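Step one of this worksheet: look at the structure below.
The values are calculated or read from the model by the stated rules, or taken from the named source; none is laboratory data. Please read all numbers here as calculations on a predicted model, not as lab measurements. All Cβ positions, glycine included, derive from the backbone under ideal geometry; neighbour counts span all protein chains shown.
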Amino acid sequence: MEISTIDASQVAKMFLAGAKNLEAKKEWINELNVFPVPDGDTGTNMSMTIMSAAREVSALDNPDMKSLCKAISSGSLRGARGNSGVILSQLLRGFTKGVAEYDEIDVMILSEALQKAVDTAYKAVMKPKEGTILTVAKAGAHRALELAEETDDLVYFVSEVIKEADRMLQKTPDMLPVLKQAGVVDSGGQGLVEVLKGANDALLGKEIDYTIEGAASAGTVTKITPQAEADIKFGYCTEFIIMLNKPMTDKQERDFKSYLESIGDSIVVVADDEITKVHVHTNDPGLAIQRALTYGALSRMKIDNMREEHQEKLIKDAEKLAQQQKEEEEEAKKQAEQEGPVEEKDMAFISVSIGEGINEIFRSLGVDEIIEGGQTMNPSTEDILEAIEKVHAKSIFILPNNKNIILAANQAATLVKEKHVIVIPTKTVPQGIAALINYIPENTPQENEAAMKAEIENVKSGQVTYAVRDTIINEKEIKRGDYMGIGDSGIISVGKDRDETLKEMLSKLVDEDSALISLYYGDEITEEEAEKVGAELGELYPDLDVEVNYGGQPVYYYVISVE
């Protein structure tokens, strides 16, 4: 079997097959995480990232290469979660830039696109670390450049690229001692190899179910029975893509949606820099088309007379959902009218939080919008963008409070054009709290940014949780069920007793300059237990202040800070 070129249809199948293979292997990839914590999430983050793009791809009807690439790039960028997910989204972004302008892809184009993918991903990471997904991707791209001079056969080319990527994956433990100690390869690199293997299966024509769950889109035609015909208010399902003359502003997008609402219902408007996907039920499709032409040329136009279709259940469900959305929008509108116009602040805060108690602490410190998530479920770039949209301020500070969320926050910041977004690279909740305490409203955003970044360096953080498997890390033998004290630089205490493990961790964090210990207890710890531990810490460190606060976080029994 020999293949010299592939078109957009084949690329779409390869992408969907790669996404589904990653999704199928996500739990196994989660288990490759070095730290044996109960929320290891590399596989989950990568899967959710690529499945966001897969739903966009499944929504396209016979796409050309450009629209396919746009769906892959936009879907993965907005759906990116965690460092591994953001890096994967950047690999996809670079790759799609390399192939978007071609109707068919050959070995030479594919090799150049793989190199562009690697270049884009490396640029997105401030301090790239070898022995990770980046190294695996780079090895595959380098081999691709060699193969482009040797063969025109894509089947041979792709299989050899995967072999090289897999070979480098097996070497990652030699590059990162922590991987060798844990006896695993890099989980992000494994995820990338699974995507490539799935894509190769599609290239080889293997039988694959390309159905993507939850891929309902503007391309879905609503159908009804003749008996339900009289219940339809708007009879034409109208769909098209606007090839934008220039990117829509937020105001233009809102105005366009408002106009469509005035002539129909079941509105879907998804805008990106170059295209806008539109879906509306209306009695006069021409009106929607005329307004759309003011923004650019139209493509993929489709108009269906719903009164001639025959599936009552779908329309009933759609109407119910539309009514629910309408009621929610009307309620939100009423509330907004009652509250009056929202005054734009000079500066505002968005914070990622991990528990009910932590939420209240952040609110008391002036956080305007809280994103639920943190370690147990990293929020996506889209989650952060939605939070930014809700905040009315000239400058918006984002506190990720987790090192695995910083890249997604930075990615969201680059996608926002009309607001000044500043990411304070807080790696822990205590760092986020310290940053807020040192915020001075009278200072400029730049002065506050500098002060907060300086202050978070003075905070030492720790967390107590339990191990989910046996391993050895930093010469510490860990058994499943052991308690672990995890500091800013890794695991620093291990034991059979939870409170003793906490105390051992603190002994490594407290020094002669320490003045305050803050203890935030999780949802599995009672107030009495926390107060008892706080009293014991007060006796151990009589010269330090000890504060005990309800955090309500899952998975981590205690989150502590030493300042």
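Any idea which residue in segment 150-166 is surrounded by the fewest Cβ atoms within 10 Å (Cβ to Cβ), counting only those that are of a type in the set (Asp, Glu) and in contact (Cβ under 8 Å) with a residue 12 or more places away in the chain?
Kept after step one, since they are of a type in the set (Asp, Glu), are these residues of segment 150-166: 150, 152-153, 160, 164, 166.
Filter once more, so that each one left must be in contact (Cβ under 8 Å) with a residue 12 or more places away in the chain: 152-153, 160, 164, 166.
Numbers: 152: 14, 153: 16, 160: 18, 164: 18, 166: 19.
If we take residues in segment 150-166 being of a type in the set (Asp, Glu) and in contact (Cβ under 8 Å) with a residue 12 or more places away in the chain, then 152 is surrounded by the fewest Cβ atoms within 10 Å (Cβ to Cβ).
State whether the residues of segment 432-439 include one that is farther than 30 Å from residue 420 by Cβ and either at pLDDT 95 or above or not aromatic (Phe, Trp, Tyr) (or both). Within segment 432-439, none of the residues are farther than 30 Å from residue 420 by Cβ and either at pLDDT 95 or above or not aromatic (Phe, Trp, Tyr) (or both).
Kindly evaluate residue 364 against the criterion of being of a type in the set (S, T, N, Q) and either at pLDDT 90 or above or within 23 Å of the chain's Cα centre (by Cα) (or both). Steps first, answer last, please.
Values: of a type in the set (S, T, N, Q): yes; either at pLDDT 90 or above or within 23 Å of the chain's Cα centre (by Cα) (or both): yes.
In short, yes.
If you go through segment 117-153 and keep only what is in a helix (DSSP H, G or I), of a type outside the set (A, V, I, L, M), in contact with a Ser or Thr (Cβ under 9 Å, 6 or more places away or on another chain) and farther than 22 Å from residue 174 by Cα, you end up with just 146.
Within segment 125-149, the residues that satisfy the criterion of being within 15 Å of residue 95 (Cβ to Cβ) and surrounded by 20 or more Cβ atoms within 10 Å (Cβ to Cβ) are 133, 134, 136, 137, 138, 140, 141, 144.
Residues in segment 167-182 that are under 24 Å from residue 36 (Cα atoms) and surrounded by fewer than 20 Cβ atoms within 10 Å (Cβ to Cβ): 170, 171, 173, 174, 175, 176, 177, 178, 180, 181.
Does any residue of segment 486-493 turn out to be out of contact with any Lys or Arg (no Cβ under 8 Å at 6 or more places or on another chain) and closer than 16 Å to residue 525 by Cβ? Let's see the steps before the verdict.
Of all residues in segment 486-493, those out of contact with any Lys or Arg (no Cβ under 8 Å at 6 or more places or on another chain) come to 486, 489-490.
Remaining after also requiring closer than 16 Å to residue 525 by Cβ: none.
Within segment 486-493, not a single residue is out of contact with any Lys or Arg (no Cβ under 8 Å at 6 or more places or on another chain) and closer than 16 Å to residue 525 by Cβ.
Whether any residue in segment 380-400 is part of a loop (DSSP other than H, G, I, E, B), under 13 Å from the mean Cα position of the chain (by Cα) and not charged (D, E, K, R) is what I want to check. So far as segment 380-400 goes, yes, one or more of its residues are part of a loop (DSSP other than H, G, I, E, B), under 13 Å from the mean Cα position of the chain (by Cα) and not charged (D, E, K, R).
Filter segment 12-55 down to the residues that are acidic (Asp, Glu) and either outside any loop (DSSP other than H, G, I, E, B) or assigned by TED's automatic domain parsing to the domain that holds residue 481 (or both) and list them by number. Write out each step before concluding.
Taking segment 12-55 as the starting set, the residues that turn out to be acidic (Asp, Glu) are 23, 27, 31, 39, 41.
Result: 23, 27.
Taking the conditions exactly as written (in contact with a Pro (Cβ under 8 Å, 6 or more places away or on another chain), assigned to a strand (DSSP E or B) and not hydrophobic (A, V, I, L, M, F, W, C)), does residue 493 satisfy them or not?
Numbers: in contact with a Pro (Cβ under 8 Å, 6 or more places away or on another chain): no; assigned to a strand (DSSP E or B): yes; not hydrophobic (A, V, I, L, M, F, W, C): yes.
Considered against the rule, which asks whether it is in contact with a Pro (Cβ under 8 Å, 6 or more places away or on another chain), assigned to a strand (DSSP E or B) and not hydrophobic (A, V, I, L, M, F, W, C), residue 493 comes out as no.
Every test in (1) touching a strand residue (DSSP E or B) at 6+ places or on another chain (Cβ under 7 Å); (2) part of a helix (DSSP H, G or I); (3) closer than 17 Å to residue 457 by Cα is passed by residue 433 save one, and that test is (1).
Taking the criterion of being of a type outside the set (A, V, I, L, M), closer than 19 Å to residue 112 by Cβ and touching a Ser or Thr at 6+ places or on another chain (Cβ under 7 Å), the only residue of segment 154-172 that qualifies is 157. None of 114, 110 is at pLDDT 95 or above and out of contact with any helix residue (DSSP H, G or I) (no Cβ under 6 Å at 6 or more places or on another chain) except 110.
Within segment 445-460, restricting attention to residues that are touching an Asp or Glu at 6+ places or on another chain (Cβ under 9 Å) and in a loop (DSSP other than H, G, I, E, B), the residue that is surrounded by the fewest Cβ atoms within 10 Å (Cβ to Cβ) is 458. Total residues in segment 254-289 satisfying the condition of being closer than 16 Å to residue 75 by Cα and touching an Asp or Glu at 6+ places or on another chain (Cβ under 6 Å): the figure is 1.
Of the residues making up segment 3-52, just one is under 30 Å from residue 485 (Cβ atoms), crowded, with 20+ Cβ neighbours inside 10 Å and among the acidic types (Asp, Glu), namely 41. Meeting the requirement of 1 or more residues that are touching a Phe, Trp or Tyr at 6+ places or on another chain (Cβ under 6 Å) and not assigned by TED's automatic domain parsing to the domain that holds residue 492, no helices (runs of 4 or more DSSP H) wholly within segment 154-209 can be named.
Screening 284, 273 for residues that are assigned by TED's automatic domain parsing to the domain that holds residue 239, under 25 Å from residue 323 (Cβ atoms) and either among the acidic types (Asp, Glu) or touching a Cys at 6+ places or on another chain (Cβ under 8 Å) (or both) leaves exactly one candidate, 284.
Can residue 90 be described as part of a helix (DSSP H, G or I) and surrounded by fewer than 24 Cβ atoms within 10 Å (Cβ to Cβ)? Write out each step before concluding.
Values: part of a helix (DSSP H, G or I): yes; surrounded by fewer than 24 Cβ atoms within 10 Å (Cβ to Cβ): no.
Spelling it out, it is not the case that residue 90 is part of a helix (DSSP H, G or I) and surrounded by fewer than 24 Cβ atoms within 10 Å (Cβ to Cβ).
Are any residues in segment 411-425 assigned to a helix (DSSP H, G or I) and in contact (Cβ under 8 Å) with a residue 40 or more places away in the chain, and if so, which ones? Outline the logic, then answer.
So in segment 411-425, the residues assigned to a helix (DSSP H, G or I) come out as 411-415.
Answer for segment 411-425, where residues must be assigned to a helix (DSSP H, G or I) and in contact (Cβ under 8 Å) with a residue 40 or more places away in the chain: 411, 415.
When both residues are 6+ apart or on different chains and their Cβ atoms are under 6 Å apart, which pairs have a first residue that lies in segment 348-377 and is in a helix (DSSP H, G or I), and a second that is buried (at least 24 other Cβ atoms within 10 Å of the Cβ)? Close Cβ pairs (under 6 Å, with a partner that is buried (at least 24 other Cβ atoms within 10 Å of the Cβ)) amount to 357/551; 358/429; 358/551; 359/353; 362/351; 362/353. Residue 94 meets each of the listed conditions (1) in contact (Cβ under 8 Å) with a residue 24 or more places away in the chain; (2) within 14 Å of the chain's Cα centre (by Cα) apart from (2). State whether the residues of segment 1-19 include one that is closer than 17 Å to residue 110 by Cα and under 20 Å from the mean Cα position of the chain (by Cα). Yes, because at least one residue in segment 1-19 is closer than 17 Å to residue 110 by Cα and under 20 Å from the mean Cα position of the chain (by Cα). Those strands (runs of 3 or more DSSP E) of segment 229-286 in which 2 or more residues are at pLDDT 85 or above occupy 236-244, 275-282.
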